[in-house]
1. Just give me the residues in region 54-73 being crowded, with 16+ Cβ neighbours inside 10 Å and of a type in the set (Asp, Glu), in sequence order.
2. Which of the numbered conditions does HIS119 fail, given that it passes all the others? Conditions: (1) open to solvent by less than 20 Å² (accessible area, probe 1.4 Å); (2) touching a helix residue (DSSP H, G or I) at 6+ places or on another chain (Cβ under 8 Å).
3. Only one of VAL135, VAL51, VAL76 is among the β-branched types (Val, Ile, Thr), outside any strand (DSSP E or B) and either surrounded by 13 or more Cβ atoms within 10 Å (Cβ to Cβ) or at pLDDT 95 or above (or both). Can you tell me which?
4. Which of the residues spanning region 54-73 are farther than 19 Å from VAL31 by Cβ and not in a strand (DSSP E or B)?
5. Just the residues that are open to solvent by 20 Å² or more (accessible area, probe 1.4 Å) and either in contact (Cβ under 8 Å) with a residue 60 or more places away in the chain or not in a loop (DSSP other than H, G, I, E, B) (or both), please, taken from region 105-116.
6. ARG141 fails exactly one of the following numbered conditions: (1) over 23 Å from VAL59 (Cβ atoms); (2) in a loop (DSSP other than H, G, I, E, B); (3) modelled with pLDDT of 95 or more. What is the number of that condition?
7. Within the set of pairs 6+ apart or on separate chains, which have a first residue in region 118-135 that is without any contact (Cβ under 8 Å) to a residue 24 or more places away in the chain, a second that is in a loop (DSSP other than H, G, I, E, B) and polar (S, T, N, Q), and C-beta atoms under 6 Å apart?
8. Take VAL147 and tell me if it is modelled with pLDDT of 90 or more and open to solvent by less than 70 Å² (accessible area, probe 1.4 Å).
Amino acid sequence: MSRRFAVAAALLAILALGTASAVPAQRVLVVEDAQTGEAYLTTPVENGTTVALEYTHSVEKTRVYDGYTVDGDRLVMTRMEFESFGWGLPSGANVTRENGTFVYDPPGELTRLTVAPGHVAGHRLHVGNQTYDLVALTDERSVDIHVTRRSALAAAIHLLDP
């Protein structure tokens, strides 16, 4: 009887693995350590999801917002907001003013965005309507942010891994 149970359990496990691997892959945004690859955050996204970095400019001490839209495995830069011109900000850009803020629609798309979160800048990551404190999440370690696909099997394994 125990041999039948073992065979049945094995067949069920194979069936479950086959089913999980047949389910379409889920698109996720991953924030991982730039040196070790350790994942700090993995969260579902889809085409059109807004992903943004918000921080305080280190020299100007004013707010900067860099907005991206998920498009496949790319982050397309769609909006930049800043309150003053300073080092690293687009001084020659064609900006508009909205409520005292400079707004710019920058060109470009990325497959990987590298960020060095810092206490002074107070980097925050917005994904859809969720906000994450990148400084606390990463202990101020540099991170790579990118979009990838994760199978249902990988998602299930990730849920089991503490």
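The values are calculated or read from the model by the stated rules, or taken from the named source; none is laboratory data. These numbers come from a predicted model, not from an experiment. Cβ sites come from the backbone with ideal geometry, for glycine too, and all protein chains shown count toward neighbours. In case anyone asks, the SASA skips ligands and DNA or RNA and just uses the protein heavy atoms, side chains included. Shrake-Rupley method; radii C 1.70, N 1.55, O 1.52, S 1.80 Å.
1. If the condition is that a residue be crowded, with 16+ Cβ neighbours inside 10 Å and of a type in the set (Asp, Glu), then GLU54, GLU60, ASP66 are the ones that fit.
2. Among (1) open to solvent by less than 20 Å² (accessible area, probe 1.4 Å); (2) touching a helix residue (DSSP H, G or I) at 6+ places or on another chain (Cβ under 8 Å), the lone unmet condition for HIS119 is (1).
3. Sole residue among the options that is among the β-branched types (Val, Ile, Thr), outside any strand (DSSP E or B) and either surrounded by 13 or more Cβ atoms within 10 Å (Cβ to Cβ) or at pLDDT 95 or above (or both): VAL135.
4. Residues of region 54-73 that are farther than 19 Å from VAL31 by Cβ, as a first pass: 56-63.
Residues satisfying the conditions are HIS57, SER58, VAL59, GLU60, LYS61, THR62.
5. Let us first name the residues in region 105-116 that are open to solvent by 20 Å² or more (accessible area, probe 1.4 Å), namely 105, 107-114, 116.
Within region 105-116, GLU109, LEU110, LEU113, THR114 qualify.
6. Of the numbered conditions (1) over 23 Å from VAL59 (Cβ atoms); (2) in a loop (DSSP other than H, G, I, E, B); (3) modelled with pLDDT of 95 or more, the odd one out for ARG141 is (1).
7. So the pair list comes out empty.
8. Numbers: modelled with pLDDT of 90 or more: yes; open to solvent by less than 70 Å² (accessible area, probe 1.4 Å): yes.
Criteria met by VAL147.
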